Amino acid sequence: MATLLYVAHVLCAVVWVGGMVFALAVLRPAAHAALEGPQRLALMAGVFRRFFRLLWHVVPILLLTGWGMLFGWYWGFGASIWHVHLMHTTGLVMAGIFAFVALVPWRRMRRALEAGDGPAAAAALDTIRKGVSVNMVIGLATVAVAAWGRFGG
């Protein structure tokens, strides 16, 4: 059972962090180079609609599998080691940032697009980019900590 939890946990982390890296390092620059503002906003609205819908499933699974391993494998907070505590903290911070981004600027962007307000949609998209950028950095650091703690002590 612990192995199944671990595999599900790692896959969820890969989907989340990998999706953010792809969105920021590949998709965003390509969209800026190839598309005008309205087309870029429409593309990013479609991307985030799908990505955030996916993350509403991935993030809870990631947290639940992490807690399952914490209490089933590591025997709770008192018995776990430093990298588990750090992953727990960064996971909660990242989940909070995701919830904010998905519930505040993403809603603002959708409403602005429905109203035909391109500048407001672009401003909301910039807020989304900033939140996703912060989460990407935290996520990459968390992956490094997880690998280091698992094999490096």
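The values are calculated or read from the model by the stated rules, or taken from the named source; none is laboratory data. Since the structure is predicted, the reported quantities are computational estimates derived from the model, not experimental observations. We place every Cβ from the backbone using ideal geometry, glycine too, and count neighbours over all the protein chains shown. For the accessible areas, the whole protein counts, side chains as well, though only heavy atoms, and no ligand, DNA or RNA atoms are used. Shrake-Rupley method; radii C 1.70, N 1.55, O 1.52, S 1.80 Å.
Here is a check on your reading of the model: is VAL15 closer than 22 Å to ARG150 by Cα, hydrophobic (A, V, I, L, M, F, W, C), within 16 Å of the chain's Cα centre (by Cα) and open to solvent by 30 Å² or more (accessible area, probe 1.4 Å)?
yes
Name the residues in the range 87-124 that are aromatic (Phe, Trp, Tyr) and open to solvent by 30 Å² or more (accessible area, probe 1.4 Å), would you? Reasoning before the result, please.
Restricting attention to the range 87-124, the residues satisfying the condition of being aromatic (Phe, Trp, Tyr) are 98, 100, 106.
Selection gives PHE100 alone.
Give the range 64-86 a look and list any residue that's out of contact with any helix residue (DSSP H, G or I) (no Cβ under 6 Å at 6 or more places or on another chain) and of a type in the set (A, V, I, L, M, F, W, C), or say none.
Of everything in the range 64-86, those that are out of contact with any helix residue (DSSP H, G or I) (no Cβ under 6 Å at 6 or more places or on another chain) and of a type in the set (A, V, I, L, M, F, W, C) turn out to be LEU64, TRP67, LEU70, PHE71, TRP75, PHE77, ALA79, ILE81, TRP82, VAL84.
Going through GLY19, GLY37 one at a time, which residue ends up being closer than 21 Å to VAL137 by Cα and touching a helix residue (DSSP H, G or I) at 6+ places or on another chain (Cβ under 7 Å)?
Working: GLY37 fails: closer than 21 Å to VAL137 by Cα.
It is GLY19.
Looking at (1) touching a helix residue (DSSP H, G or I) at 6+ places or on another chain (Cβ under 7 Å); (2) free of Cβ contacts under 8 Å to residues at least 40 places away in the same chain, can you tell me which one PHE48 breaks?
(2)
Out of all the residues in the range 72-86, which are within 20 Å of MET1 (Cβ to Cβ) and surrounded by 14 or more Cβ atoms within 10 Å (Cβ to Cβ)?
TRP73, TYR74, SER80, VAL84
Quick test of your reading of the structure: TRP82 fulfils all but one of (1) of a type outside the set (A, V, I, L, M); (2) more than 21 Å from the chain's Cα centre (by Cα); (3) farther than 30 Å from ARG150 by Cβ. Name the failing condition by number.
Going through (1) of a type outside the set (A, V, I, L, M); (2) more than 21 Å from the chain's Cα centre (by Cα); (3) farther than 30 Å from ARG150 by Cβ one by one, TRP82 breaks only (3).
Right, PHE22: more than 24 Å from THR3 (Cα to Cα) and surrounded by 15 or more Cβ atoms within 10 Å (Cβ to Cβ) or not?
Answer is no for this residue.
Condition first: part of a helix (DSSP H, G or I), more than 30 Å from LEU113 (Cα to Cα) and within 15 Å of the chain's Cα centre (by Cα). Can you find one or more residues in the range 47-54 that meet it? Spell out how you get there, then give the answer.
At the first step, the residues of the range 47-54 found to be part of a helix (DSSP H, G or I) are 47-54.
Okay, now just the ones that are also more than 30 Å from LEU113 (Cα to Cα), so none.
Looking through the range 47-54, none of the residues is part of a helix (DSSP H, G or I), more than 30 Å from LEU113 (Cα to Cα) and within 15 Å of the chain's Cα centre (by Cα).
Residues are listed down the side, and each one gets a yes or a no for (1) touching a residue at least 12 places away in the same chain (Cβ under 8 Å); (2) part of a loop (DSSP other than H, G, I, E, B):
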{"site": "MET69", "(1), (2)": "yes, no"}
{"site": "ALA79", "(1), (2)": "no, yes"}
{"site": "VAL93", "(1), (2)": "yes, no"}
{"site": "PHE100", "(1), (2)": "yes, no"}
{"site": "TRP106", "(1), (2)": "yes, no"}
{"site": "ARG110", "(1), (2)": "yes, no"}
{"site": "ASP126", "(1), (2)": "no, no"}
